[in-house]
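This report refers to the structure that appears directly beneath it.
The values are calculated or read from the model by the stated rules, or taken from the named source; none is laboratory data. This is a predicted model, so every value here is computed, not measured. Please note: Cβ atoms are built from the backbone with ideal geometry, for glycine as well, and neighbour counts cover all protein chains shown. Surface areas here come from the heavy atoms of the whole protein model, side chains and all, with no ligands, DNA or RNA. Shrake-Rupley method; radii C 1.70, N 1.55, O 1.52, S 1.80 Å.
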Amino acid sequence: MNEYLKHDEWCIIEEGFTPENHRSSESIFSLGNGNMGQRAMFEEQYSGETLQGTYIAGVYYPDKTRVGWWKNGYPEYFAKVLNAPNWIGIDVKINGEMLDLAKCEVSEFVRTLNMKEGVLERSFVATMSNGNKVKIEAKRFLSIVTSEVGVIRYSVTALNFDGKISFNSYIDADVKNEDSNYDEKFWDILNTKSMTGEAYITARTKKLDFHVCMNMRYKVLKNGQDVAATANIIEKEKYVANTVEFDVEQDDELSFYKYVSVLSSLNHSKTEISGNAAKVSATAFEKGYGALLEEHVAAWAEKWSISDIVIEGDVAAQQAIRFNIFQLNQTYTGEDERLNIGPKGFTGEKYGGSTYWDTEAYCVPFYLSTSRPEVTRNLLIYRHKQLQKAIENAEKLGFTNGAALYPMVTMNGEECHNEWEITFEEIHRNGAIAFAIYNYIRHTDDQAYLAEYGLDVLVGISRFWSQRITFSEAKKKYVMLGVTGPNEYENNVNNNWYTNTIACWCMSYTQEAFKYVKESNPARYEEIIKALNFDFETETTRWNDIIENMHFPVDEETGVFMQQDGFMDKEQLMASDLDPQFRPINQFWSWDRILRSCFIKQADVLQGIYLFEENYDLETIKKNYNFYEPRTLHESSLSPCIHSILASKIGDIDSAYEMYLRTSRLDLDDYNREAHEGLHITSMAGTWMSIVEGFGGMRVVNGQLSLKPLIPEKWQSYSFKVLFRGNLLNIYVSAEEVGVINEEGEDISIFIKDDEYKIEKSSSLVIEN
Ligand code: BGC
């Protein structure tokens, strides 16, 4: 752990500059607006350790696969959201000396991420080697109103000298992905132009031909008044800049305003992109910093008005949940069905910015409750559009008859993960995609989705399971061999309980979906059966035979569901037996040692119990929780949230709280020593779940919302809002009472602790807790 950030309800604050923390801070203080994002690198030059990262949604690069030993079925490439030209750069020279925090004395350093307003701020005093002292105040934001615009105000005050200060404002396309497989650069430059007050670069990806144009304009104020200077125009092959220099006297403040437009060919025609970029930056320039900031802050207020969770009595917990919600809202806004949510969002390069099962398993519940239904619908349609590719992906592995295996990692539907134990074996992802359809319909009541888009995805997935599962003569049961469950600390295991469970559920739910479509829309039903060439009798007979005769490993002595067939052969150690110095074990142990150990990376059996909770009694849930929790290391970010929810379910509020802190402050306090690589964006939705579904006990039961609220001892109260089937409910919980305000929508009946209450529209209910 590394706890260097100050606790505050609305801001993330770093006081004092510690270069060793800088890469982690670059991740933590990242900005994004759904359309683009960037790490919190400095505007001015910095020769210390840094990962300069600028990313544009949907603009990716197929980097040629690199593996030690090629295996048939591996994809040709790994898709990466690529590091785009850096547009924030402003070199600052003080009397000819370059400002660089690695080379001057830094004091009064404060970096603040203002989450309420969506603004990154930084201030410090720098003493240059020539003795000149300057105060720097920098502020930037990526507009969530005009999502192609980024704005910076960078102010320098001369504290103890008269002399010259210059700004060299640039766009630099000579950038590289840190994770480039062959150390290649991915951009070609199409055109560069620098002129007085304006410059732009249009770059093209070497493969796939994505175009990006960035256009910058600027303005300088001295002590609040416009000042002009003749610009030195710089234009190089991959770089454009304007340098302007000013005379200052002691106490003068120069403020450099930089307005940049960032456009991609996802949204603009290639012939018009540079013209459009010029227009967008000109409009931003004319509107001005103040007006842009004002509308940006108002838009954030709007977002917070639905998605905020307020916790009273625990600043660390309050800050953490806001941080998680803030980052989710910065990453994905849901307007564009071509986009998805990379595990690191726009904050780093690990995982390539591509789509994982994380989206369906973790993010969907968050967006379902905090956004209009179309947002989640777009996430589902994204997979629907990739169904054909999932079928081709399965065909490459030998499956037939429309069986679909969705990729573990993808940008366009093609698999691009290339480790056999994950690519070929971590197939549970298929289940999460089916479950998300069910979850969406359960929450929104948009049953029509099944006939429109859902059913053919479900059929493809069920067909895959039906072929992937085989019959064991020895066991006289169906089995699923050679898989990796969510717990990636075991590979190539037989009968992973979670995967077997979700596979059977998929085949059963697909039949329910068929039934619904047949009854509600017979014409469409016939159309789907025909289009899929679905032999109902034969295919469902096999599915039902599997469902009835599937093998689920269970420990006979304790009745605990077994992770996989051989789990009890392992030496049964506890996480508490491990020396914390060697955690996370994946950074210290050899892989074979990890695989042979009983240590679990992330919720696995418990993940299954979480999804299908209604099938198990409380005793069974407790038994499994108490067995797996001590063996689980939570070295995947996706783990503690599920444990927290189940701990709340079994009434173990202390563990639920501990797991809540772990999931919510994972990056802020760097539990797994990896914040420098980027943030765990997708698990942030799990953090939200651990409050709403965990402490709040929110479930959808038979089409109605149900709450079973608990409250951690440290908290005076908490409240959250939920969009549910046309209602917006504001839920408040304290030790004494539970309140629900029906803010929007018609009258609604909900359950609180198993009692039903009707709440009329625009009215509220308060009951004793
Ligand atoms: C987890 C996977 C997850 C991936 C991306 C891995 O560490 O084990 O379940 O999909 O990270 O978040």
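General observations
- THR410, sole failed condition from (1) away from the ligand (no atom under 16 Å from the Cβ); (2) of a type in the set (Ser, Thr, Tyr); (3) crowded, with 20+ Cβ neighbours inside 10 Å: (1)
- Taking segment 421-457 as the range and being of a type in the set (A, V, I, L, M, F, W, C), within 30 Å of GLY726 (Cβ to Cβ) and either within 16 Å of the ligand (Cβ to nearest atom) or out of contact with any Cys (no Cβ under 7 Å at 6 or more places or on another chain) (or both) as the test, the residues that pass are ALA432, ILE433, PHE435, ALA436, ILE437, ILE441, ALA448, LEU450, ALA451, LEU455, VAL457.
- Looking across segment 483-497, the residues that are farther than 11 Å from MET562 by Cβ, away from the ligand (no atom under 11 Å from the Cβ) and open to solvent by less than 10 Å² (accessible area, probe 1.4 Å) come down to VAL483, GLU490.
- Members of segment 586-607 found to be away from the ligand (no atom under 14 Å from the Cβ) and of a type in the set (Asp, Glu), listed by number: ASP592
- Subset of segment 286-312 (residues that are outside any helix (DSSP H, G or I), more than 22 Å from the chain's Cα centre (by Cα) and crowded, with 18+ Cβ neighbours inside 10 Å): ILE311
- Across segment 208-222, a minimum of one residue is classified as in contact with a helix residue (DSSP H, G or I) (Cβ under 7 Å, 6 or more places away or on another chain), open to solvent by less than 30 Å² (accessible area, probe 1.4 Å), in a strand (DSSP E or B) and farther than 12 Å from ILE171 by Cα.
- Residue in segment 384-392 that is in contact with a Cys (Cβ under 9 Å, 6 or more places away or on another chain) and open to solvent by 10 Å² or more (accessible area, probe 1.4 Å) present: no
- If only residues of segment 467-501 that are over 15 Å from GLY431 (Cα atoms) and in a strand (DSSP E or B) are counted, the one that is nearest to the chain's Cα centre (by Cα) is VAL493.
- Annotation note: of GLN327, GLN318, the sole residue that is under 13 Å from the mean Cα position of the chain (by Cα) and in a helix (DSSP H, G or I) is GLN327.
- Those helices (runs of 4 or more DSSP H) of segment 341-456 in which at least 1 residues are of a type in the set (A, V, I, L, M, F, W, C) and under 19 Å from the mean Cα position of the chain (by Cα), considering only elements entirely within it, cover 364-370, 373-385, 429-444.
- Applying the criterion of being of a type outside the set (A, V, I, L, M) and within 13 Å of the ligand (Cβ to nearest atom) to the residues of segment 332-348, the residue that is surrounded by the fewest Cβ atoms within 10 Å (Cβ to Cβ) is ASN340.
- Residue match in segment 181-203 (condition: at positive phi and exposed (fewer than 14 other Cβ atoms within 10 Å of the Cβ)): yes
- Residue within segment 245-253 that is in a strand (DSSP E or B) and open to solvent by less than 30 Å² (accessible area, probe 1.4 Å) present: yes
- Exclusive hit being without any contact (Cβ under 8 Å) to a residue 40 or more places away in the chain and within 16 Å of the ligand (Cβ to nearest atom), set TYR610, TYR616, TYR625: TYR610
- Scanning segment 224-244 for residues that are free of Cβ contacts under 8 Å to residues at least 40 places away in the same chain and open to solvent by less than 60 Å² (accessible area, probe 1.4 Å) turns up GLY224, VAL227, ALA229, ALA231.
- Subset of segment 633-657 (residues that are more than 16 Å from the ligand (Cβ to nearest atom), of a type in the set (Gly, Ala, Ser) and either buried (at least 22 other Cβ atoms within 10 Å of the Cβ) or modelled with pLDDT under 95 (or both)): SER644, ALA647, SER648, ALA656
- Note on segment 531-632: enclosed helices (runs of 4 or more DSSP H) holding 2 or more residues that are surrounded by 12 or more Cβ atoms within 10 Å (Cβ to Cβ) and either more than 34 Å from the chain's Cα centre (by Cα) or on the phi > 0 side of the Ramachandran plot (or both) are 536-549.
- Residue match in segment 3-16 (condition: over 27 Å from GLU312 (Cα atoms), crowded, with 20+ Cβ neighbours inside 10 Å and either touching a strand residue (DSSP E or B) at 6+ places or on another chain (Cβ under 9 Å) or free of Cβ contacts under 8 Å to residues at least 40 places away in the same chain (or both)): no
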